[in-house]
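The values are calculated or read from the model by the stated rules, or taken from the named source; none is laboratory data. Since the model is a prediction, treat every value here as computed from it, not as a measurement. Methodologically, a virtual Cβ is constructed for each residue, glycine included, from the backbone with ideal geometry; neighbour enumeration extends over all protein chains shown. Heads up: the accessible areas ignore ligands, DNA and RNA and are worked out on the full protein's heavy atoms, side chains in. Shrake-Rupley method; radii C 1.70, N 1.55, O 1.52, S 1.80 Å.
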Amino acid sequence: MTKIIVDGKEIDAPPEYTLLQACEMAGAEIPRFCFHERLSIAGNCRMCLIEVAGMPKPQASCAMGVKDLPPNKDGSPKIINTRTPMVKKAREGVMEFLLINHPLDCPICDQGGECDLQDQAMAYGVDASRYSENKRAVEEKYIGPLVKTIMTRCIHCTRCIRFSTEVAGVSELGAIGRGEDMEITTYLEQAMTSELQGNVVDLCPVGALTSKPYAFSARPWELDKTESIDVMDALGSAIRIDTRGREVLRILPRVNDDVNEEWISDKTRHVVDGLRTQRLDQPYIREKGRLRPASWSEAFAAIAAMVKKSDGKRIGAIAGDLATVEEMFALKDLMTRLGAGNIDARQDGSMLDPKWGRASYLFNATVAGIEQADALLIVGANPRREAAVLNARIRKRWRAGQFPIGVIGEKADLTYPYEYLGAGAETLAGLSKSKFADALKATERPLVLLGAGALARKGGAAIASLAAKTAIDIGAVKDGWNGFSVLHSAASRVGALDIGFVPGIGAQDAMAMARGGLDVLFLLGADEIEIAAGSFVVYIGSHGDRGAHRADVILPGAAYPEKSGTYVNTEGRVQMAARAAFPPGDAREDWAILRALSDVLGHKLPYDSLVQLRQALYAAHPHMLRIGQIAPGEAADIRKLAALGGTPDKAALRSSVENFYFTNPIARASAIMAECSALAGRATQTAAE
């Protein structure tokens, strides 16, 4: 630690800190445009100038480190001032230069009210300009359907370039020209292809890059802001949902260093229009092959008539990928009261089973733990498509150096180099004889990332066992480190496994139920599975997707921003999603639908409010009470899984996500996601040609 004095306050600053960080540590506020804590240092806006005693000129605090300070001859702490007339004059000079060419279009700029340039101009701007020449103007650039460009406003901070190159790992943005002719562009004016490109809008300190779908929709002070959790993948990124009235207008990231840092994927950010499209807003009953609107009592009566004619063993339920823990718990409770053991949330056919132990299906290393890993083996997964933000964390660790990565499965365009080891389970079985296995064993904390796609197939249990055995053999499971990590692609999966939403002994799993052998089948937002003819299907969900098309009775539910619920992410972290809006029409929260239906079926559930439901949930599963925390699995579970054995199928391992933009009914209802998917398809085709 180094002693320095900032504005008369003595502090101990770490030598690796920049002077900007040290000053903020002392409580000083330093303006900046180009500096960002998660990006490399550019030092090109000069707004963060400070005065360092003994130096004749103001210094850029972002570009000078504490360790770079020349020591005083008498050994006394270095004195730094951030509020002297010299500093104020220097910053006012920088601001005057920035505003020379900046257009006066704040009233029509989407960044208005959230603009760093506006804020700093209030502090360091002047009310007149000495510049009388013509302002520079830059042609707008097309960089895709998500990011709108007004490049005349650009102040050349290069945050967007550094993000796309360093974090997203897709070097699509860059600068051409120099001086007054410098422009930020994609060179060939083509659409950006990164799944994280929307984050450049948050990073842009002016209105040069704004959200194209959100353009001219609202001002920030008009919006109600609700902190919640993302469900587009199993990562559980921290988000903020902005609403006006009953309508969700935009979704932004929140900072959570343990999960998503401050990034979110484009699907998370721009799926908003899918919340308004193809919504189910009233019950429906199928008569003579056609669905007709019905009242709640009519729909409940039709369901009750079928349930009363059926034996409990011929009733089943499948939970979808976006279901909350509370509604799955209520559905399981109702099925138990009906004497039905046919319940499952693994609609992709995954072989994971909670009886193997909790560690067998968690990302045990944790998302933040990726940065402590020394090597990585990816088995049957494409992290870029399945969890784009987690993929960025892997890239962050790779950029830190000395991080060998091996892949078994499909060859994917990841954002970091890797060694391709093979396509199938036989490669995993013979890994111990490869050079890469020696590299894994030589590291202290190797990580084995097992994708959901490797488990959702014939012999998936054998592959899970083989991956667990490999993790043990290479030293990934030991005291203080559990590197066996399962990457799920469904937000509801870990919560479902935690509460035991899987078939009982002798009961049918999701694949068996889908073949149509049951009398009554309940679908709780299950849209990723084809249901054969034969069963009477009751669909509880928010969108007119695959499940609703097959349903005999539709009960309209709430989408994820319209209900309060618990999710457990892929690492086992319990998270709470908050309600930001209300469902349309007659739609209701899913747990309330199940509670009302249970009364009609004669098996009334013992909770009349969400609070009572959660009390029952916490009594049965106490770890659900610890919001934001992870109840870690036992290393013994991995050894138990490794001992299962079995013969895996020889087919090539594939990712569980084929199209990043169409993984759930909300995304498939989004016109923006459809446009992104079409562009991604064309880009892939062009690359293949």
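A few remarks follow.
- Equivalent ellipsoid of the range 555-659: semi-axes from √(5λ) of the C-alpha gyration tensor, largest first, are 34, 20, 17 Å.
- Taking max minus min of the alpha-carbon positions on each principal axis, the range 1-118 gives extents of 55, 29, 22 Å, largest first.
- Accessible area ranking (1.4 Å probe, heavy atoms, ligands and nucleic acids excluded), largest first, for 379, 201, 255: 255, 201, 379.
- In this structure, the pairs whose alpha-carbon distance is over 21 Å, taken from 411/640; 57/89; 3/67; 9/78; 435/458, are 411/640; 435/458.
- Dividing the convex hull volume of the alpha carbon atoms of the range 193-244 by its residue count gives 117 Å³ per residue.
- Placing a pseudo-label 7 Å from each Cα along the Cα-to-Cβ vector at residue 609 and residue 86 gives an inter-label distance of 6.3 nm.
- Residue-span extension gain [residue 134 to residue 227] - 0.36 nm each, minus C-alpha spacing: 29.0 nm
- The alpha carbons of the range 146-241 give a radius of gyration and a Dmax of 15.0, 45 Å, in that order.
- The Rg/Rh ratio for the range 241-346 is 1.09, where Rg is the radius of gyration of the alpha carbons and Rh is the Kirkwood radius.
- For the range 430-491, diffusion coefficient by Stokes-Einstein and Kirkwood Rh (Cα), 20 °C, 1.002 mPa s, µm²/s: 175 µm²/s
- Compactness of the range 94-185, expressed as Rg and Dmax over alpha-carbon positions, Å: 14.3, 42
- Largest to smallest principal axis extent of the C-alpha atoms in the range 15-57, angstrom: 30, 22, 19
- Debye log10 I(q)/I(0) at q = 0.05, 0.06, 0.09 Å⁻¹ for the chain, Cα point scatterers: -0.28, -0.40, -0.85
- Normalising the Debye intensity of the range 530-591 to I(0), with uniform scatterers on Cα atoms only, and taking log10 at q = 0.19 Å⁻¹ returns -0.79.
- Length, then width, then depth: along the principal axes, the Cα atoms of the range 334-479 run 56, 33, 31 Å.
- With the gyration tensor restricted to C-alpha atoms of the range 266-306, the semi-axes of the equivalent ellipsoid amount to 31, 11, 9 Å, longest first.
- Dipole axis of the range 339-471 (+1 Lys, Arg; -1 Asp, Glu on Cβ), positive-most option in 370, 467, 380: 370
- Stretching the chain fully between residue 519 and residue 576 yields a gain of 17.0 nm (0.36 nm per residue, less the alpha carbon separation).
- Rounded to 10°, Cα long-axis angle of helix 460-473 versus longest principal axis of the chain: 50 degrees
- Among the trypsin sites (Lys or Arg not before Pro) in the range 144-180, those placed in a DSSP loop whose Cβ has at most 16 other Cβ atoms within 10 Å are 178.
- Entry note, the chain: the mean residue ellipticity at 222 nm calculated from DSSP H runs of n ≥ 4, each adding -39500 (n - 2.57), is -7500 deg cm²/dmol after division by the residues and rounding to the nearest 500.
- Computed on the Cα atoms alone, the convex hull of the range 391-459 gives a volume of 103 cubic angstrom per residue.
- Peptides 364-371, 318-325 ranked from most to least packed give 318-325, 364-371, packing being the mean of other C-beta atoms within 10 angstrom over each peptide's residues.
- Column: log10 I(q)/I(0), Debye, Cα scatterers of the range 102-142, q = 0.27, 0.30, 0.32 Å⁻¹: -1.14, -1.16, -1.16
- Potential lengthening between residue 53 and residue 426 on full extension [0.36 nm per residue; Cα-Cα distance subtracted]: 127.7 nm
- Calculated on C-alpha atoms, the gyration radius of the range 498-636 divided by its Kirkwood radius gives an Rg/Rh of 0.98.
- Using C-alpha pairs under 8 Å with a sequence gap of at least 6, the mean separation divided by the residue count of the chain gives a relative contact order of 15 percent.
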